[in-house]
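Values in this text are rule-based calculations from the coordinates and carry no lab data. Here the structure is a predicted model, which is why all the values come from computation and not from measurement. In this analysis, Cβ positions are derived from the backbone assuming ideal geometry, glycine residues included, and neighbour counts consider all displayed protein chains.
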Amino acid sequence: MFLFGFLLFFYALTSAIGFILLPSFGEIYASGLLSILILIEFLFGDRILLGFMRAKLVVDQNRISYMLSNIRLKFSLSRVNLYTSRRVRGWHIIDNAFSSPVIVVNPETLKRLSDRELEAMLSLACFKISRGIARKDSIYLVLFSIILSPVILCNILEKYRLDAISSLIKFLLMPFILLKGYVLNTKQIQDDLVKDFLESFDLAHELEGGLYKVNINTVEKRSYLFEICTETISLTHKEGKEKLSYYLKLKQTL
């Protein structure tokens, strides 16, 4: 219900901006363009995001592929693809309605995890897919990535020392960033997911070790929008993103 209401608000806001910029049929052009963008995101959003992640399909590791195949069958999933990307720290799930679910991991993770820890992490990922949570997150990713797309300009503006304009863009979009955090409530969702998972599978020790090893990965500096997108579909909580000080570039003493 919230998703439907948010979509109506999204269209109303876009139509209003279109009417202001172009009073003669501007709202029609704006809503039509928005519809095209949403359709493209729904159809090809997973491919686009995997491209930005520079993700590579895992095809030459028979042990991992065999393990994932057994796990997905346990959760009645017809197909799940595993990709690696050095641009992500944690584990991320893209569940597009028009293609097979995808798990994206940092390649260093696959080296650090023991077989039991890897089994626990893959099982948790497939459990999240089977519960439909990953599909819902992917739908929200489409909407929020479009409405927050102006943050792409922030890195360019800061490169040319136009920090004031960059901060203004972030300030204007802050309500939507906070709304995303409120709607998705990443920490609570993950806590409930892990709790339900451990009630069915005795993998508490292995999962704890796996989560710790996943979160110690280091990655290169990424754009604000990339951070927002990866956080939305993250399997593991907290990569230090959803804070006002981060988006407004305020320094804090920890």
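Listing for the model above:
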| quantity | calculated |
| --- | --- |
| Packing-based order for 188-194, 141-147, using average beta carbon neighbours within 10 Å, highest first | 141-147, 188-194 |
| Derived scalar couplings ³J(HN,Hα) [region 120-126; Karplus, 6.51 cos²θ - 1.76 cosθ + 1.60; whole Hz; x for Gly, Pro] | 5, 5, 5, 5, 5, 4, 5 |
| Helix 204-215 axis, angle to the chain major axis (alpha carbon atoms, nearest 10°) | 50 degrees |
| Calculated over region 72-137: convex hull of Cα atoms, volume per residue (Å³) | 83 Å³ |
| Length added when fully stretched, residue 189-residue 56, from 0.36 nm per residue minus Cα-Cα | 45.1 nm |
| Principal-axis tilt of helix 2-21 within the chain, Cα atoms, nearest 10 degrees | 30 degrees |
| Cut-off 11 Å (backbone N to label point 7 Å along Cα→Cβ of residue 200), residues of region 61-91 | 74-77 |
| Among 41-52, 90-101, the order from most to least packed when residues are scored by Cβ within 10 Å on average | 90-101, 41-52 |
| Pairwise centroid distance, computed over Cα atoms, of region 73-92 with region 119-134, Å | 9 Å |
| Set of region 171-215 residues, backbone N closer than 19 Å to the point 7 Å along the Cα-Cβ line of residue 112 | 204-215 |
| Residue of 155, 62, 215 that the Gaussian network model of the chain assigns the largest fluctuation, springs spanning Cα pairs under 10 Å | 62 |
| Per residue convex hull volume, Cα atoms of region 44-237, in Å³ | 115 Å³ |
| ³J(HN,Hα), Karplus 6.51/-1.76/1.60, whole Hz, each residue of region 43-58, x for Gly, Pro | 7, 10, x, 5, 5, 5, 5, 4, x, 5, 6, 6, 7, 10, 5, 7 |
| Nearest-20 debye value, region 44-237 charge dipole, Cβ charges on Lys, Arg, Asp, Glu | 580 debye |
| Gained length - residue 20 relative to residue 172, 0.36 nm times residue gap less alpha-carbon distance | 53.0 nm |
